[in-house]
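Data first, discussion second: the structure below is written as structure tokens.
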Amino acid sequence: MPVSEIRVRVLGPVQIVGADATLGPKQRLLLGALALRASGIQADSLAELLWGEEMPESPRAALQIHVSKLRRPLATFGASVRYQGDGYTLVMDRRHLDVARFESLVDEGSAAVPSDPRRASELLSSALALWSGPPLGGLADDTLLHGDALRLSDTRLSALRARIEADLAIRRHAELVPELRQLTREYGFHEGFWRQFMLALYRSGRAGEALVAFDEARTLLAEELGADPGLELQQLHQRILQQDPALSRVSQAAAPPQHDGAGTPDPASVVVLPFEVLGRPDDAALLAVGLHTDLLTELSRIRELKVISRHSAMKYDGSDAPLERIARDLGVAMVLTGSIQAAGPRFRLAVQLVDAAAGVHRWAESYDKELSTHNLLAVQQDLASDIAAALSRRLASAAAPTTDSLEAYRLVVEGRMHFDRKTEEGLAAAVESFERAVVVDPDYGLAWTGLADALAMTADYGYEDREALLSAAESAVVRALALLPRAAEIHTSLGLIAEGRHDAPKALAEYEKAIRLRPGHADAHSWHAWVCLTLGDAARALVSARRSVELNPLSPEAVSNLALSQLALGDPRGALAEARRSDRLSPGYTTAAYYRGLALYDLGRFEQSVSVLMPLATMHAGRLTTPWAGQAPDAALAIAQIAVSDRPGALATLRTIDRSAYPVEVGLVNAALGEMGTAYELFAGPIPAGYGGAMLFHLHFRRIWATLEDKSRLVALGRAIARSWNAEPRFAEGH
């Protein structure tokens with residue numbers, strides 16, 4: 001479809017092309033939300049999006065007014081906004097929507113890079129040309145759509161990199177050099193652009209400049225992140241030094257990275273293909289879109305399951321490609337297909353799970369439901385839950401030994417749901433559920449690993465007697481090891497226990513073993529990110545955190561680790577949005593509130609930072625509210641109070657922090673107060689192991705750390721923190 005036929009634009013300022021009416025900010029935000037959420041949005045969520053805390057007296061009536069104003073210009077090309085159930089959906093031919101066109105072109109272009117790079121370059125260039133600014137013109141910032149906007153921006157960067165790969169493959173090396181030079185300035189931490197820049201320079205006969213580019217990247221990463229370039233960039237540097245002839249052979253050097261699923265796919269991995277609509281489309285088509293979206297959401301809750309994103313699955317909408325090829329392309333073992341047919345007020349949904357490699361059907365089911373405009377959203381959510389539950393049981397049997405006891409299985413699922421909340425109450429409930437499960441079925445290995453995880457995490461978060469909990473967790477792992485000797489879950493449990501013992505290298509090694517055994521293990525990626533952050537390796541943490549959220553977008557812990565990674569890498573706005581999302585996923589999750597306060601501080605919104613951090617402080621709560629962080633939130637509050645010129649308040653907060661238990665925290669506040677001698681004295685003393693102080697040192701308040709002129713003492717502090725975690729001070733030197 002030509003760009004001229006795009007009627008609704010959201011990849012930049014939101015607009016309806018050719019409409020006489022001028023849309024106000026709220027109508028633009030409303031249209032953007034409906035365009036990005038194809039399956040519809042609940043009315044209450046839209047009201048929160050439009051008004052936030054300044055809700056009108058009758059929010060639904062006010063929302064209806066804005067929807068009505070939107071319907072008139074949409075009607076000029078046959079589109080509308082439909083109310084159904086308790087939400088609104090944008091009804092239009094999505095070929096007229098720029099974001100849908102963009103995603104279609106990106107899918108087609110990315111797939112063509114290896115086989116037809118010239119066509120890939122054309123398709124991806126057309127996709128990128130659809131952008132005219134930030135998604136929704138920046139209206140999504142600090143709203144529930146911020147995550148959608150970030151994902152679109154990430155997709156744009158991926159498309160840009162793929163287009164450059166295609167251009168490298170068709171020998172446009174010299175033409176790419178100026179563009180890549182600018183990209184490395186704009187996205188200095190994006191090593192993919194540095195790799196392409198070095199390759200373009202080398203193939204243009206400028207090997208010396210390629211080596212200089214590597215030095216620039218290495219210096220930037222060391223100074224800003226305290227990290228070395230990744231393995232891929234280092235290997236390219238060595239190949240340039242050796243004048244490897246393979247670098248000049250485009251077919252080898254320009255090959256795109258292998259898909260995560262290359263080789264034998266994770267048996268608990270699935271792609272849900274868009275459902276086929278039979279007979280008259282009408283509401284069945286709308287239900288098919290909504291059900292597909294809801295089913296992906298429900299499946300993402302399943303800890304053991306790797307689920308391919310909707311963006312990737314939509315590439316095969318209407319495709320007649322063999323299921324085996326689709327599974328191979330996406331790196332999954334299973335494919336879920338389905339069809340939906342409406343007959344009056346009733347419809348029938350048929351679904352089937354196919355083991356693509358074996359070419360056999362592993363499960364099938366059909367559903368008959370009565371449908372009305374009032375129950376559409378509820379019906380699709382109920383169906384998604386039913387299918388996800390059935391699919392979970394089938395895939396669990398492929399992934400690891402399970403149990404014959406339905407009650408034990410139910411208790412383990414219940415335990416994981418409690419565990420994922422990561423609150424004191426949630427972890428206590430998880431321990432109880434897993435303990436009941438191992439009583440019901442003492443040979444259920446996943447119940448024992450679940451119990452070990454819950455006990456170790458309770459210890460790690462500091463909620464109860466640490467030593468007793470870790471000893472009990474170790475006993476549970478011994479029992480699990482006898483039942484599941486080769487399961488990835490064994491290594492995640494061992495990793496958590498190693499964290500509890502303050503052995504960061506062992507924890508990282510165990511999480512990496514788990515990931516090798518099961519690449520789709522969301523918790524392993526999340527906890528790997530966490531230990532990387534503890535050691536100050538923020539760039540590496542971001543990769544793991546993003547992967548974890550991709551696999552489990554509804555985990556408050558995974559989302560909070562992503563927020564912390566973004567905060568550490570200088571993106572407080574993105575961190576704030578993710579911290580808010582984590583808080584919504586698990587109300588009362590104090591970790592999310594702590595990160596929100598830190599992000600607000602980094603954004604210069606000091607008064608708000610004080611308001612968020614105040615309830616977390618020991619002097620106000622009467623206890624440690626975020627035990628894993630100790631009194632780091634108290635230190636952050638004192639520093640925010642200093643920023644708003646409340647020195648008496650900061651001193652009062654400082655007096656409540658235990659100097660012997662938290663010397664890094666007390667020293668940092670003294671540095672913020674200008675008491676450098678006291679700060680140096682505290683930093684020179686014993687440094688207990690702990691997350692709070694380590695993360696303050698590595699990740700936060702860099703301007704305050706920069707005021708400490710005696711760098712040798714900072715290096716010594718970094719070494720002491722590293723030793724407390726049984727680690728080498730690799731990242732402390734860059735402070």
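The values are calculated or read from the model by the stated rules, or taken from the named source; none is laboratory data. The model shown is predicted, which means the values in this text are computed figures rather than measured ones. Here the Cβ positions follow ideal geometry from the backbone for every residue, glycine too, while neighbour counts run over all protein chains shown.
Of the helices (runs of 4 or more DSSP H) contained entirely in segment 586-646, those carrying at least 1 residues that are under 14 Å from Ala672 (Cβ atoms) and modelled with pLDDT of 90 or more fall at 590-602, 606-613, 632-643.
Determine, yes or no, whether Ala47 is within 22 Å of Leu144 (Cα to Cα), touching a residue at least 60 places away in the same chain (Cβ under 8 Å) and part of a helix (DSSP H, G or I).
On the way: within 22 Å of Leu144 (Cα to Cα): yes; touching a residue at least 60 places away in the same chain (Cβ under 8 Å): no; part of a helix (DSSP H, G or I): yes.
Against the criterion (within 22 Å of Leu144 (Cα to Cα), touching a residue at least 60 places away in the same chain (Cβ under 8 Å) and part of a helix (DSSP H, G or I)), Ala47 does not qualify.
I'm checking my understanding of the structure. Among residues of segment 235-252 that are surrounded by fewer than 19 Cβ atoms within 10 Å (Cβ to Cβ) and touching a Lys or Arg at 6+ places or on another chain (Cβ under 9 Å), which one is modelled with the highest pLDDT?
Keep residues of segment 235-252 that are surrounded by fewer than 19 Cβ atoms within 10 Å (Cβ to Cβ), which gives 235, 238-239, 241-246, 248-252.
After this cut, where a residue has to be touching a Lys or Arg at 6+ places or on another chain (Cβ under 9 Å) as well, the list is 246, 248, 250.
Working: Ala246: 75, Ser248: 72, Val250: 56.
Taking the candidates together, the pick is Ala246.
Looking at Pro519, Pro505, which is the one that is part of a helix (DSSP H, G or I), at negative phi, touching a residue at least 24 places away in the same chain (Cβ under 8 Å) and out of contact with any helix residue (DSSP H, G or I) (no Cβ under 7 Å at 6 or more places or on another chain)?
Numbers: Pro519 fails: part of a helix (DSSP H, G or I).
Only one candidate passes the filter, namely Pro505.
Residues in segment 433-463 that are part of a loop (DSSP other than H, G, I, E, B), within 23 Å of Ala498 (Cα to Cα) and either modelled with pLDDT of 90 or more or among the aromatic types (Phe, Trp, Tyr) (or both): Tyr463 only.
Considering only residues that are assigned to a helix (DSSP H, G or I) and of a type in the set (Gly, Ala, Ser), look in segment 158-191 and name the one that is farthest from the chain's Cα centre (by Cα). Explain how you work it out, then say what you get.
As a first pass, look at segment 158-191 and keep what is assigned to a helix (DSSP H, G or I): 158-169, 173-186, 191.
Remaining after also requiring of a type in the set (Gly, Ala, Ser): 158-159, 162, 166, 169, 174.
Values: Ser158: 16, Ala159: 19, Ala162: 21, Ala166: 27, Ala169: 31, Ala174: 36 Å.
Selected residue: Ala174.
Looking at segment 512-519, can you tell me whether even one residue there is over 18 Å from Phe189 (Cβ atoms), crowded, with 22+ Cβ neighbours inside 10 Å, of a type in the set (Lys, Arg) and modelled with pLDDT under 90? For segment 512-519, residues over 18 Å from Phe189 (Cβ atoms), crowded, with 22+ Cβ neighbours inside 10 Å, of a type in the set (Lys, Arg) and modelled with pLDDT under 90: present. Return the residue satisfying two criteria in turn: it lies in segment 85-99 and is surrounded by fewer than 20 Cβ atoms within 10 Å (Cβ to Cβ) and of a type outside the set (Asp, Glu), and of such residues it is nearest to the chain's Cα centre (by Cα). My answer is Arg94. Looking across segment 112-140, the residues that are free of Cβ contacts under 8 Å to residues at least 60 places away in the same chain and assigned to a loop (DSSP other than H, G, I, E, B) come down to Ser115, Asp116. Comparison of Asp602, Asp634 shows that the only residue that is of a type in the set (D, E, K, R) and crowded, with 24+ Cβ neighbours inside 10 Å is Asp634. Applying a threshold of 7 Å to beta carbon distances and a minimum spacing of six or more residues, or different chains, the list of pairs starting in segment 710-731 at a residue that is in the same structural domain as Gly690 (by TED's automatic domain parsing) and in a helix (DSSP H, G or I) and ending at one that is at pLDDT 90 or above and of a type in the set (Ser, Thr, Tyr) reads Arg713/Tyr680.
From the list Glu425, Glu467, Glu499, Glu489, the one residue that fits, being at pLDDT below 90, out of contact with any strand residue (DSSP E or B) (no Cβ under 6 Å at 6 or more places or on another chain), in a helix (DSSP H, G or I) and surrounded by 21 or more Cβ atoms within 10 Å (Cβ to Cβ), is Glu489.
The set of residues in segment 72-105 being of a type in the set (A, V, I, L, M) and more than 21 Å from Pro13 (Cβ to Cβ) consists of Ala75, Val91. In this structure, does Thr534 turn out to be closer than 23 Å to Asp228 by Cβ and at pLDDT 90 or above? Considered against the rule, which asks whether it is closer than 23 Å to Asp228 by Cβ and at pLDDT 90 or above, Thr534 comes out as yes.
Restricting attention to segment 51-74 and to residues that are surrounded by fewer than 15 Cβ atoms within 10 Å (Cβ to Cβ), closer than 16 Å to Pro25 by Cα and of a type in the set (D, E, K, R), the residue that is farthest from the chain's Cα centre (by Cα) turns out to be Arg71.
Can you spot a residue in segment 692-699 that is closer than 20 Å to Gly536 by Cβ, more than 31 Å from the chain's Cα centre (by Cα) and crowded, with 21+ Cβ neighbours inside 10 Å?
no
Regarding segment 417-427, can at least one residue be identified that is touching a Lys or Arg at 6+ places or on another chain (Cβ under 9 Å) and over 26 Å from Gly692 (Cα atoms)?
Looking for residues that are touching a Lys or Arg at 6+ places or on another chain (Cβ under 9 Å) and over 26 Å from Gly692 (Cα atoms), one finds at least one in segment 417-427, hence yes.
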